[in-house]
Amino acid sequence: MLRNRIYRNGRLFAKDVPAEDLSEHLEEPETLVWVDLCGPAQAELQVVADELALHDLAVQDALGRRQRPKVDHYAGHIFCAAFQSTLDAASGAIRLAEVAAFATPRALVTVRKNQEFDIDAVVRRWDDEEDLAVHGVPFLLHGLLDHVVDSHFETVQALDEATEVLEDLLFDERPRDHQVQRRSFELRKSLVLLRHVVLPMREVVNTLIRRDWQAVAAPLIPYYQDLYDHVLRVSEWTDSLRDLVSTILETNLTIQSNRMNDIMKKVTSWAAIIAVPTAITGFYGQNVPYPGFGHWVGFVASSVLIVAGSAALYGLFRRAGWL
């Protein structure tokens with residue numbers, strides 16, 4: 001699937017033109033071209049690579065699976081890889097959609113592995129800030145990366161909300177130990193995965209805004225700096241949530257231990273109370289004479305001792321908070 005746009009003099013000139021006409025449009029001055037390929041075969045991407053003189057290593061990276069977010073400099077163009085992230089609220093799992101981008105002085109080529117990457121959202125960003133199109137390829141690249149970072153922001157925000165729900169389960173009146181443990185491991189796994197795609201984005205954006213790369217015009221520098229600030233916020237938020245989930249898991253184990261201690265206190269207390277009538281009935285059950293032996297007074301005395309001893313122990317344990 002081939003999708004493209006042509007900007008001329010900072011304005012949208014045409015879109016979805018035949019692939020064989022792209023070279024003709026690039027010959028025109030002040031022309032900017034965006035080409036999008038979704039799940040291309042190697043031969044299809046190679047045609048574009050030959051047309052724009054893209055490096056073979058960058059082409060191999062674009063066709064490969066699960067590249068880490070990065071930006072590589074080649075003669076005449078840069079190669080950038082990034083991941084859009086979405087969270088499945090039911091399972092707590094993160095879904096990643098990979099995109100690769102080739103940025104030349106006058107063209108941006110995006111390569112998506114499948115339809116999961118929402119390229120329409122990127123196009124809407126370009127349309128909302130069309131006045132910045134006069135700054136060329138860095139404008140298109142910023143819109144693409146801004147969408148990626150915003151997806152990370154939305155994902156970590158959803159994880160934050162899921163963590164709040166997990167905290168409520170932690171202190172629920174009814175013990176939900178298994179549910180808390182399972183959910184904690186799911187969220188922690190998702191946070192680790194998100195961290196793997198968020199942390200490298202700091203270096204990606206930082207590389208693009210460095211002054212030694214002259215492709216970004218001065219008016220776009222604040223936009224890239226704002227993008228870098230968002231990356232830092234997502235990174236710090238992810239780390240804090242990961243620590244919080246670990247704390248929740250440890251707290252849950254502590255609560256289980258405290259609950260077990262309370263149960264042991266109650267069991268021990270009732271065992272001590274039950275030991276009183278056992279001892280008294282055992283004493284009065286002996287086959288040697290004692291005061292009240294063979295008389296109803298002995299029965300009354302033993303009953304009074306049982307009730308009095310049990311009540312005394314119950315009151316003592318109750319006051320100590322064991323019952």
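Say each of ARG95 and GLU236 gets a label point 7 Å from the Cα, pointing the same way as Cα to Cβ; how far apart are those two points in nm?
3.2
Pulled fully out, how much extra length does the chain show between GLN256 and ALA53, if you take 0.36 nm times their separation in residues and subtract their Cα-Cα distance?
66.8 nm
Rounded to the nearest 0.05, what FRET efficiency do ALA275 and PHE185 give with R0 = 45 Å and r taken as the Cβ-Cβ distance? Could you check?
That pair, ALA275 with PHE185, gives E of 0.55.
Going toward the positive end of the dipole of the chain, with +1 on Lys and Arg Cβ and -1 on Asp and Glu Cβ, which of ALA53, ALA81, ILE6 do you reach last?
Selected residue: ALA81.
Residue by residue through the range 245-256, what is 3J(HN,Hα) from phi via Karplus (6.51 cos²θ - 1.76 cosθ + 1.60, θ = phi - 60°)? Round to whole Hz and write x for glycine and proline.
Per residue, the Karplus-derived 3J(HN,Hα) values read 5, 4, 5, 4, 5, 5, 5, 4, 5, 5, 4, 4 Hz.
Relative to the longest principal axis of the C-alpha atoms of the chain, give the angle of the C-alpha long axis of helix 296-320, reported between 0 and 90° and rounded to the nearest 10°.
Here the helix axis deviates by roughly 30 degrees.
How far is it, in nm, from the label point at GLN60 to the one at THR268 when both lie 7 Å from their Cα along the line to the Cβ?
Distance between the two pseudo-spin positions: 6.7 nm.
Taking 7 Å along the Cα-to-C-beta vector as the label spot, tell me the ASN114-VAL307 distance in nanometres, rounded to one decimal.
Label at ASN114, label at VAL307, 7.6 nm between them.
Using a cut-off of under 13 Å, list every residue of the range 58-95 whose amide N is near the label point 7 Å from the Cα of VAL165 along the Cα-to-beta-carbon line.
Answer for this model: 87-93.
Plugging the Kirkwood radius over Cα pairs into Stokes-Einstein for the chain, at a temperature of 10 °C and a viscosity of 1.306 mPa s, what D comes out in µm²/s?
Calculated translational D: 64 µm²/s.
Using helices alone, what [θ] at 222 nm do you get for the chain, with -39,500 (n - 2.57) per DSSP H run of 4 or more residues, divided over all residues and rounded to the nearest 500?
-20500 deg cm²/dmol
Which residues' amide hydrogens lie under 5 Å from the amide hydrogen of ALA93, considering only partners 5 or more residues apart or on another chain, with H built in the peptide plane?
When sequence neighbours closer than 5 places are left aside, the close amide H contacts are ASP88.
Whole-Hz Karplus ³J(HN,Hα) for the range 6-12, in order, using 6.51 cos²θ - 1.76 cosθ + 1.60 and θ = phi - 60°, x for Gly and Pro?
10, 9, 9, 6, x, 10, 5
Computed from the coordinates by the stated procedures, all read-outs in this text should not be read as laboratory data. From a predicted model like this one, the values you see are computed outputs, not experimental measurements. Neighbour counts run over all protein chains shown; Cβ positions are idealised from the backbone, glycine included.
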